[in-house]
Amino acid sequence: CDDFLTMCAGDSKVHAITLCNFFLRFGHDAYVVAGRSHAQAEAYFVLTTNTPEGEEESASKRVKVWSPYTGKFYAAEDSGNELVSVSMIFNSKNVWANVQAHNEPWYMEWGERDNASEWLPFFGAALPAQELATNQKVP
């Protein structure tokens, strides 16, 4: 991360992971979304599924897709979204493959990741997640 910030450069994946970690640090339910955008063949965005305290929004508008380059966000059901297809999402807890009939974000169900007919988890009972040590030093 230090190299990315020092050089002020990186692809959409690096930007999305950094933005997702920012949201996670401040208590948001956040995921990196791997998929395709209008502008790129492969693209990464950030999905948040909760609304911070004090903000009133309808339940359907709480799922937001954030562009890691521009900082703009869209409601997931907005067909004008930069993100046009979703293959998987991940965060620090797991990786989920999109196994829904549609991969366009405006048609997808974003609710519970426990529903295996919508999201297939990588880690589970058969393959539990393990805590990995880090080489990073916290300042």
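Here, each number is a calculation from the coordinates, and none is a lab measurement. Worth saying up front: this structure is predicted, and the values here are computed from it rather than measured. Please note: Cβ atoms are built from the backbone with ideal geometry, for glycine as well, and neighbour counts cover all protein chains shown.
Laid out as a table, the results:
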quantity: Residue 63 long-range amide H proximity, modeled H, under 5 Å; calculated: 76
quantity: Highest to lowest packing among 103-113, 14-24, scored as the average C-beta count within 10 Å; calculated: 14-24, 103-113
quantity: Summed residue charge, Cβ within 9 Å of residue 48's Cβ, Lys/Arg positive, Asp/Glu negative; calculated: +1
quantity: Global form of segment 62-109, assessed from the alpha-carbon gyration tensor, a/c cut-off 1.5; calculated: oblate
quantity: Contour excess over end-to-end distance, with Cα ends at residue 18 and residue 79 and 0.36 nm allotted per residue; calculated: 19.4 nm
quantity: Rounded to whole Hz, the Karplus (6.51, -1.76, 1.60) HN-Hα couplings of segment 20-35, x for glycine and proline; calculated: 4, 5, 4, 5, 4, 4, 9, x, 7, 8, 10, 9, 8, 10, 9, x
quantity: Approximate spin-label separation residue 131-residue 39, in nm, with each point projected 7 Å along Cα-to-Cβ; calculated: 4.0
